[in-house]
Structures are given as C-alpha cells and as structure tokens.
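Q: Dropping the structure in here first, questions after.
The values are calculated or read from the model by the stated rules, or taken from the named source; none is laboratory data. Computed from a predicted model, the values in this text were never measured in an experiment. Quick reminder, even Gly has a Cβ in these numbers, built from the backbone with ideal geometry, and neighbours come from all protein chains shown. Calculation scope for accessible area: heavy atoms of the full protein, side chains included, ligands and nucleic acids excluded. Shrake-Rupley method; radii C 1.70, N 1.55, O 1.52, S 1.80 Å.
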Amino acid sequence: MPSEGSSSVHRAIAVLLALGEDESTEQGSVGVVQIARRVGREKSQVSRTLKVLAEAGLVDRDPDTMGYRLGWRLFTLAANAADQRLLASAPAVLRRMVAASGERAHLSVLEQGGVLTVLSRSPLRAVQTAGWVGRLVPVHVTSSGRALLFDHEPDDVREMLADADFSIVGPGGARSVEEFLERLEEARVRGYVLSNEEFEPGLVAAGAPVRDAQNRVIAALNVSAPKFRLGRRLHKTGRLVAAAAQELSAEVSGRSSRSAEVKNRAVDS
C-alpha cells in the first residue's frame, strides 16, 4: 500500500498534468470539480492538493472564474530545466553532427543582441574554421543569428538591427535590414539557414533553431567550414543541421524525436 505522502505526491503530479493538457490551456482555467473528474479523485482531495500547489506558486487561481491554471513558478522551473537539458544533451548531438559532416559544429544562443557560442566540437582536420566559444558576433552575418530570429516579427528585427553596420560584412552578406528580412523568410520556409561568405570570405555555414517545450527558439545549431570543402554540400549539411536541431529540441522538451537520422546520416565529402 502506498504511504499517504506517496499518494499525495502522485495526486499532485496528476493534477499538474491535467492542468497542462491542451484542453485545460485552451480553457484558460479549470474548476476543482472538472480537475477531480479528470484525475479520478475526490473533490476534497483535489482541493487540498490545489491549495498546497498554489501556496508553492505551482498553480494560480483565476480571481474571476475561480478556476486553476499552471503557475509562473512552474514555468520558471521548466525554463531552468530546459537550459540544463540543453547543455547536457547538446555535446552528444554536436559529436554526431561532426561525425556526419566532418566539420566543426556549434551551439549558440542570443545574448545582448548578438550571437554567443557556448559549445563547440571539432573534427580531426588540419584546416578548419576558428573556434567561436565565448565570442559574441553580430546576428546579421551568421547562420546561427538568422536561426535564432526565426520567430521574431519583422519590426522586432528592424529594431534589433537599427544600429547594425551592413557595410562591414563578407562578400555574400546582406546589405540592408530589408535584404536580411528577405533571407530570414527564405530560411523559415526552407527550415534551415544557409550562409555563403556572409561573415568573411571563404567561410560558409548552415544553421537551424532549437526549440523548447513551448516551441520557443532557445538556441541554434550550426556547422561552418571553408567554402572549398563544404560549398557543394551546403544544402545537404543544412538538412543535417535541421535534423540535429529537431533531435536536440526533442531532448530538451521531452518529446520523442523523429529525427534520429542525424545519428546515421553521412554528408558526402
């Protein structure tokens, strides 16, 4: 027989899961009776559980409907957990990207209006791109930067790039905010970003966004390499990076991945 403490924990988990269902979030808030029916518990038990969860900030009570919804503290915990899972899961995904592409792979985030690389893995090659970890680079000249802006509205991008210097870019770089927005839209439709000498001459890259459980972009994966070696394989590498980003997104959010092909797919050299 489970102890009272164990039973209370299971009841609390059941209540939180019920509040997290699509039907509950669409309603906005759910009453005690409805929650009790969904979890198969007595109303009094569920009411006591909700009171404890509310005191902990894990659920909120709507003052108008008197119904319950998931609390902000739970979302904060989930965000922290996503960050931890991102850093824990990314190294293995990066290693598989390197094995499949034969080139350097990176994990980057949006920081202070720029792109910050937080993790990188390298192949055993004599000629490869420079290390980027810890470097902050502009969003408008990198594949990761474009991937990190996949969900941004055009006006938000214009505001972010209001002071960007479009004269200091590689030979293939966008020359204005509007041109950048056109490339961003093309990348959204394609599902991944291609950068052809946008940062500096002779450098190409492919990037894709990583998403959390709420489908928000939280990071970007990319592969970069000299153009003479990767140029003809850039689209294929883009598909590889997109698959890897989907896999990492699934790891971070707890969803099952349908993109395991990155583990076995090799990009022709």
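Q: Which of 193, 100, 143 sits closest to the plus end of the dipole of the stretch 61-194, meaning its Cα is farthest towards the positive end, when Lys and Arg get +1 and Asp and Glu get -1 on the C-beta?
A: 100
Q: Could you order 109, 241 by accessible surface area, starting with the largest, using a probe radius of 1.4 Å?
A: Result, largest first: 109, 241.
Q: Per residue, how much accessible area does the chain show when a 1.4 Å probe rolls over the protein heavy atoms, in square angstrom?
A: 52
Q: Follow-up question, since we're still on this one. With only Lys, Arg, Asp and Glu charged, each at its Cβ (+1 for the first two, -1 for the last two), find how big the charge dipole of the stretch 56-109 is about the Cα centre; round to the nearest 20 debye.
A: With only Lys, Arg, Asp and Glu charged at Cβ, the dipole is about 300 debye.
Q: Another question about this same structure. With a 1.4 Å probe and all protein chains kept in place, how do 66, 160 rank by accessible area, largest first? Mind dumping the intermediate values first?
A: On the way: 66 90, 160 65 Å².
If we order 66, 160 from most to least accessible, we get 66, 160.
Q: Grab every C-alpha pair in the chain, bin the distances at 5 angstrom width from 0 up to the longest one, and report whole percents.
A: 1, 6, 12, 15, 14, 11, 10, 8, 7, 7, 5, 3, 1, 0, 0
Q: Please work out how much accessible surface residue 43 shows to a 1.4 Å probe, ignoring ligands, DNA and RNA, in Å² rounded to 10.
A: 120
Q: Now for a different question. Among all lysine pairs in the chain that are eight or more places apart or on different chains, how many have alpha carbons less than 25 angstrom apart? The partial results should precede the final answer.
A: Values: 43/51; 227/236; 227/263; 236/263.
Qualifying lysine pairs in the chain: 4.
Q: Which of the DSSP-defined H helices in the chain satisfy a minimum axial length of 30 Å, computed from C-alpha atoms, and a minimum mean Kyte-Doolittle hydropathy of -1.0?
A: TM-like helix candidates: 72-101.
Q: Let me have the relative contact order for the chain, percent, based on Cα pairs under 8 Å that are six or more residues apart.
A: Contact order relative to length: 16 percent.
Q: How many nm separate the modelled label positions at residue 135 and residue 75, each set 7 Å beyond the Cα in the direction of the Cβ?
A: Modelled inter-label distance: 3.6 nm.
Q: For a quick check: with amide H placed at 1.01 Å from N, whose amide H comes under 5 Å from residue 210's, ignoring anything fewer than 5 positions away on the same chain?
A: Those lying under 5 Å, H to H, from residue 210 are 218, 219, 220, 221.
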